[in-house]
Amino acid sequence: MSAQVNRGPTKDRKQGYEVGQGQGPAYARRGARLGDDIGTRSLALLMHAAFFLLLGASLARFLLRHPGEDRTPWIIGLSIALAALYVIGPVLGSRPTPRSLVWLGALVAVWMVLVVLAPSFAWCAVPLFYTGLRILPPRAAYALVALLTLFVVAAQLRLADGFDPNLVLAPPAVAAVATAVFVHMQRQAVRQERLIDDLLRTRRELAAIERREGTLAERQRLSMEIHDTLAQGLSSQQMLLQAADRTWDTDPDAARRHVSTAAGIAERNLAEARRFVHDLAPADLAEGGGLEAALHAIAARETAQAQGRLTVRCHIEGAPHTVLPGRTQSALLRIAQGALANVTEHAGATEAALTLTHLDDRTVLDIADNGRGFTPAAGPTAPAGVRGHGLPAMRARLRQLGGTLTIESAPGEGTVVTATVPTPPAATAAPTPQDPA
């Protein structure tokens, strides 16, 4: 019986992604709102400056061209009133509350009276466009813009010596451009808010997917740990207790030996269970001595538990160039335990061998037996719905380490299970073999 070791392992490389762990949805929303507030405040300051500049220029133009007229005090008083009303606006806010609507109505009324008395104040309507669009609902805002535009056209025609098409077309064009810019900015703000909501929802979904995948991976890992230790131990106890029950009357000494061996397995399983609670590291590795000592220990234990029916030997070939990472040692040890459990329960073998070979770039573990064998494509026979988790669990462990599992067997010719894992460079090797699995 010889093992053909696979010397060409392939390494599966998995590529993933990480979801940025930013400051959370609240932070993102605050950042978006802060950017919107800065842009809104900048535009508001620009409109305020433009309003007072146009108001001052219109008043200066009137005083220079119409000095000493009877309406001059009214023009000055209305200009001061218009400026005072405009200053109150930022205090009331931009929501369509009753107070802000009354304020806007008073502001527009004073401006209209001022334009009737002095048409040169007509271009102060441009900042008022922005004020109406910011406070009123869309339809009411568009109606106000149209009304202000008509006043501007009428005022410009009063100032002209004759009919000028530019005076009729220019104010509506300016109003249309101002309205389009404002509506575009509003739509951009709404679109940005929706994009932020979509981004936050996507981040939450990705985080939930990662948590779910992590939970499933941890469940799979725990299921493999339990299968390779507690479940196999309980199965061995069941077999021993059944054997003790059959020989209890005819051979009490043999029955007591079976019960004693089952008690030893139970004690070992208790140690494994406590180790799970502590750090999930294999108890054999936690006792010190590394993987080699742990393999010798399980070989001796399986031989003792078999009570002459199976002899397990352990061989170590070569010296490790570096200490294997703890998770690699744990995986190889669990694979050895699982393979020996299959030998005990299904193979009907009398001899088995554990061979650990240290090569330059990989480590190879062979588990060979002289049992009845099987066809690898079909898998070992087991009660339906009861077992069959061992080989998939071995492959899953090795896949996580970039290793491979090969099985060589034939009916009546025994079985060789070969686990191959890459050996990390010395600079990246783990400092201790007692790392948690």
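The values are calculated or read from the model by the stated rules, or taken from the named source; none is laboratory data. Quantities reported herein were computed from a predicted structural model and do not represent experimental measurements. Every residue, glycine among them, receives a Cβ derived from its backbone with ideal geometry; neighbour counts consider all protein chains shown. Keep in mind that these areas ignore ligands, DNA and RNA; they rest on the heavy atoms of the full protein, side chains included. Shrake-Rupley method; radii C 1.70, N 1.55, O 1.52, S 1.80 Å.
Quick notes
- Per-residue Karplus couplings for the stretch 61-73, computed as 6.51 cos²θ - 1.76 cosθ + 1.60 with θ equal to phi - 60°, are listed in order as 4, 5, 5, 6, 8, 10, x, x, 6, 5, 7, 4, x Hz, Gly and Pro entered as x.
- For the stretch 109-151, the residues whose amide N sits under 12 Å from a probe point set 7 Å from the Cα of residue 170 along the beta carbon direction are 123.
- Karplus-derived HN-Hα couplings along the stretch 313-322 (A = 6.51, B = -1.76, C = 1.60, θ = phi - 60°), whole Hz, x at Gly and Pro: 10, 10, 10, 10, 10, x, 10, x, 6, 7
- If R0 is 41 Å, the Cβ-Cβ spacing of residue 143 and residue 201 corresponds to a FRET efficiency of close to 0.65.
- Nonlocal amide H pairs with residue 313, under 5 Å, H built at 1.01 Å: 352, 353, 354
- Only Cα sites of the stretch 141-261 enter the Debye sum here, all with the same form factor; the resulting log10 I(q)/I(0) across q = 0.17 1/Å is -0.95, listed in q order.
- Cβ-Cβ FRET estimate between residue 217 and residue 45, R0 fixed at 60 Å, reported to 0.05: 0.65
- Were the residues from residue 117 through residue 159 laid out at 0.36 nm apart, the gain over their Cα-Cα distance would be 13.9 nm.
- For the pair residue 395 and residue 84, label points projected 7 Å from Cα toward Cβ lie 8.8 nm apart.
- Each of 121, 182 has its accessible area taken with a 1.4 Å probe; listed largest first, they run 182, 121.
- Backbone N under 19 Å from the residue 106 label point (7 Å along Cα→Cβ), restricted to the stretch 131-149: 131-132, 135-136
- Per-bin percent of Cα-Cα distances, the stretch 96-183 [10 Å]: 17, 49, 28, 5, 0
- Spin-label zone in the stretch 74-114 - amide nitrogen under 17 Å from a point set 7 Å from the Cα of residue 52 along the C-beta vector: 79-92
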